[in-house]
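Below is one structure, written out as structure tokens; the observations come after it.
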């Protein structure tokens, strides 16, 4: 049931108390005013309820917004912390990158230096090989017609010539006296050596395992050395090869070219080897400066 407006209630009481004292027109007017007041009251109550509902919605929205703000603030704080960590990591990475860049720069410099060094070594080796090739070709041109009595080869970067004892020495296998033909052969060798004045060489005497006792020779050591010194003496005295370029050595019967159990093997061992020594000065200088 709809509630009765208080003004209308009062007005009704007044009308009842006055009874027939109130004119009908005035009563009707007062009744209309009471109805208007009741309508206004109802409208006001509805408006109040609407305002209360709106206010409740606003409060809820405010609470939701506040919660969202709190959540956003928390996220912002987390993002700030993450950003700070990322900044530290970036700084660390920058530091590492700088260190790595410096290391790479030094490594590249070392590589460049080593590359230059390697190129210089290659140049020295190429020069040595070119000299060896030139000497080899000259020796083959000069001594190539002697067959097995003059074996010319390159071994371990060195050019060598093996001359048989029957080509160089007169008499039997225990002789160290040079033959007439030997001086002609050594003359051809001397011309090649003269064309290469910077080269040094070693003359090495070798024998087989047989030994014929002699008054002035103790053993095959003596014989091999005597054969070597006989060769260098002719090169120095007859062909003006500087003695500082030559070394004479003897290996006796111990540096074998073949087994001594056959005549052919013993003949191969009775040899005098002239070895062109490699020019190591450029390589040594490079190693000293490295």
Q) What spacing in nm lies between the two simple spin-label points modelled at residue 26 and residue 242, each 7 Å away from Cα in the Cβ direction? A) 16.1
Q: Could you calculate the FRET efficiency of residue 216 with residue 277 from 1/(1 + (r/R0)^6), where r is the beta carbon distance between them and R0 is 35 Å, rounded to 0.05?
A: 0.70
Q. For the pair residue 79 and residue 110, what calculated FRET efficiency results from E = 1/(1 + (r/R0)^6), where r is the Cβ-Cβ distance and R0 = 45 Å, to the nearest 0.05?
A. 0.50
Q) With r defined as the distance between the Cβ atoms of residue 249 and residue 88 and R0 fixed at 51 Å, what FRET efficiency is calculated, to the nearest 0.05? A) 0.10
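Note the full-extension length gain between residue 67 and residue 195 as 0.36 nm times their separation in residues minus their Cα-Cα distance, in nm to one decimal. Display every interim value, and only then the final one.
Values: separation 128, 0.36 × 128 = 46.08 nm, distance 10.29 nm.
Length difference between fully extended and current span is 35.8 nm.
Test of understanding: ordering 175, 184, 209 by Cβ neighbours within 10 Å, fewest first, what list do you get? All intermediate terms of the calculation are to be shown ahead of the outcome.
Details: 175 18, 184 9, 209 15.
Ranking 175, 184, 209 by Cβ neighbours within 10 Å, fewest first, gives 184, 209, 175.
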Q: Based on other C-beta atoms within 10 Å, arrange 154, 159 from fewest to most.
A: 154, 159
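Arrange 152, 65 by Cβ neighbour counts within 10 Å, fewest through most, would you? Present the calculation step by step, with values, prior to reporting the outcome.
Working: 152 20, 65 10.
The most exposed by this proxy come first: 65, 152.
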Q: May I ask what percent, to the nearest 5, of DSSP beta bridges between residues of the stretch 184-276 are antiparallel?
A: 50
Q: Please give, to one decimal in nm, the separation of the simple spin-label points placed at residue 261 and residue 158, each 7 Å out from Cα toward the Cβ.
A: 2.9
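All of the numbers you see were taken from the coordinates with simple rules; none came from a lab. Predicted model, so just to flag it, every value in this text is computed and none were measured. Virtual Cβ from ideal backbone geometry, glycine too; neighbours counted across all protein chains shown.
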